[in-house]
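Participant: Below is a structure I'd like to ask you about.
Bear in mind that the values in this text are calculations on the coordinates, not laboratory data. Here the structure is a predicted model, which is why all the values come from computation and not from measurement. Every residue, glycine among them, receives a Cβ derived from its backbone with ideal geometry; neighbour counts consider all protein chains shown.
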C-alpha cells in the first residue's frame with residue numbers, strides 16, 4: 001500500500017496564506033499612508049494659500065493706516081472747531097443779551113433816586129443780582145415795580161436794605177434779585193415780497 005505525506009503541502013499553503021495576509025496588510029498600510037500624505041499635502045497647500053491671503057490683507061490694512069490716522073485727526077479737528085464755533089456763538093449771543101438787558105435796566109433806573117454799584121448775571125439759573133444806593137425805601141420799592149414791568153425781568157426780590165451814611169446824608173444801600181424771563185434774539189428784517197409786475201395790455 002502506498003502512503004502519501006501531505007504535511008509539507010499544508011505547511012506551504014499556510015505559509016503562502018500568511019504571506020498573502022502580510023502583503024495585504026502592508027498594502028493597506030501603504031494606501032493609508034499615501035492617503036494621509038495626499039490629505040496633508042492638500043491641507044498644506046490650503047494653509048499656504050490662507051497665509052498668503054492673510055499677508056496680502058495685512059499689507060493692504062497697513063497701507064490704509066496713514067489714511068485712517070488722518071481721518072481720525074480730521075474728525076478730532078472738526079469736533080474741536082465745532083466746539084470753538086459753538087462757544088463763540090454762545091459768547092456772541094450772551095453779549096447781545098447783556099447789551100439789551102443793561103440798556104433796559106439803565107432806562108428804568110431813575111437818575112436822582114437810585115445809583116447802581118454792581119450788576120451780575122448767573123449763567124446757570126438766569127438770575128440777576130443788582131446792588132446800589134437809594135434815596136430811601138420808597139425809591140427802592142418804586143424801582144422794583146419798574147423792573148417788574150419790564151418784559152425781560154420778573155420776580156424782583158429785595159435781598160437786603162441797610163442804612164448808609166454818604167457825604168453826611170443817610171441813604172439806603174440795597175441789593176435786588178430778579179429773574180431774566182427770556183433770551184433776546186436779533187430781529188431779522190422782514191422780507192418784503194417782490195412787487196408784482198403790471199400786466200401788459
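Participant: If packing is taken as the average count of other Cβ atoms within 10 Å, what order do 51-58, 133-140, 157-164 fall into, highest mean first?
Facilitator: Peptide ranking by packing, descending: 133-140, 157-164, 51-58.
Participant: If R₀ is 41 angstrom, what is the calculated FRET efficiency for the pair residue 10 and residue 49, using the beta carbon separation as r and rounding to 0.05?
Facilitator: Here the calculated transfer efficiency is 0.10.
Participant: Also, I was wondering about something else. List, largest first, the extents of the alpha carbons of segment 109-180 along their principal axes, each in whole Å.
Facilitator: 40, 21, 17
Participant: Using 7 Å Cα-to-Cβ label points, what is the residue 115/residue 72 separation (nm, one decimal)?
Facilitator: The answer from the label model is 6.3 nm.
Participant: At 7 Å along Cα-to-Cβ for each site, give me the label-to-label distance between residue 23 and residue 89 in nm.
Facilitator: The answer from the label model is 9.5 nm.
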